[in-house]
Amino acid sequence: MAKDRCEHSWSMTDVRYGFIVIEKCYHCKQERSYFAAEHTPPKEEYREGEHFWDYMGSAQSVQFSLTCDQCGEVVPFSEVLGLMTCSGCTPDCDAHVLSRICEEQRIWVYVALCYQPDIISKNDMGEKLAVLSRYFNDRLRTPGKKILVAPGWLVKDIDICRGAVLKDVGMFQVEPEEVTS
């Protein structure tokens, strides 16, 4: 089947569990984040050129790709740190405004947080987030509910944002959860 005519049925593939690690250089005050595919986040301080990197924090995360079950197209999401729900910070934050508008239509807005949003092509990311939105919506079982995955650059100021990052509580659980009736 031709990829441009395929109606795509997406599955999550290439799943890697790990942590988002946030570091700050105490010399120049620059901050950065990266994905560490480890069972515990690296917390050691180190020097890299003129930078002195200190561990600031971490959170569980997952990296993945979506693959079409019909045509085999693969869409990697390696630049996505995680997804966040907007709970409102400032009335002039575009993510907050979008969430309020969509709330009336029973649409949940997830904001895709990226490692370096300033270097990601807005056009490419828009197409990828449409694929991610479709993936989530195809799995919904609640009638009338929808999910929209929006780009993280809509957040006015991540430092004052009160959004909640979605996380998988049982990510590193070895034993499957028992089902109780």
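Assorted remarks:
- Filter result (of a type in the set (Phe, Trp, Tyr) and more than 30 Å from SER11 (Cα to Cα)) within the range 48-102: PHE52, TRP53, TYR55
- Some residue of the range 47-63 being in contact with a helix residue (DSSP H, G or I) (Cβ under 8 Å, 6 or more places away or on another chain), closer than 28 Å to GLU7 by Cβ, touching a residue at least 12 places away in the same chain (Cβ under 8 Å) and not polar (S, T, N, Q): no
- Search result, residues across the range 84-98 that are of a type in the set (Gly, Ala, Ser), over 15 Å from TRP153 (Cβ atoms) and surrounded by 13 or more Cβ atoms within 10 Å (Cβ to Cβ): GLY88
- ASP118 meets each of the listed conditions (1) more than 26 Å from SER65 (Cβ to Cβ); (2) modelled with pLDDT under 90 apart from (1).
- Condition check for ARG141: at pLDDT below 90 and part of a loop (DSSP other than H, G, I, E, B): yes
- Close pairs (9 angstrom Cβ cut-off, 6 or more residues apart or separate chains): within 19 Å of SER33 (Cα to Cα) in the range 71-96, of a type in the set (Gly, Ala, Ser) and surrounded by fewer than 15 Cβ atoms within 10 Å (Cβ to Cβ) anywhere: LEU81/ALA59; GLY82/ALA59; MET84/ALA164
- Test: residue in the range 86-106 that is assigned by TED's automatic domain parsing to the domain that holds LYS146, touching a helix residue (DSSP H, G or I) at 6+ places or on another chain (Cβ under 8 Å), assigned to a strand (DSSP E or B) and within 21 Å of GLY163 (Cβ to Cβ): no
The values are calculated or read from the model by the stated rules, or taken from the named source; none is laboratory data. Note that the coordinates shown come from a computational prediction; the quantities given were computed from them, not determined experimentally. For neighbour counting, all protein chains shown are included, and Cβ atoms are generated from backbone atoms with ideal geometry for every residue, glycine included.
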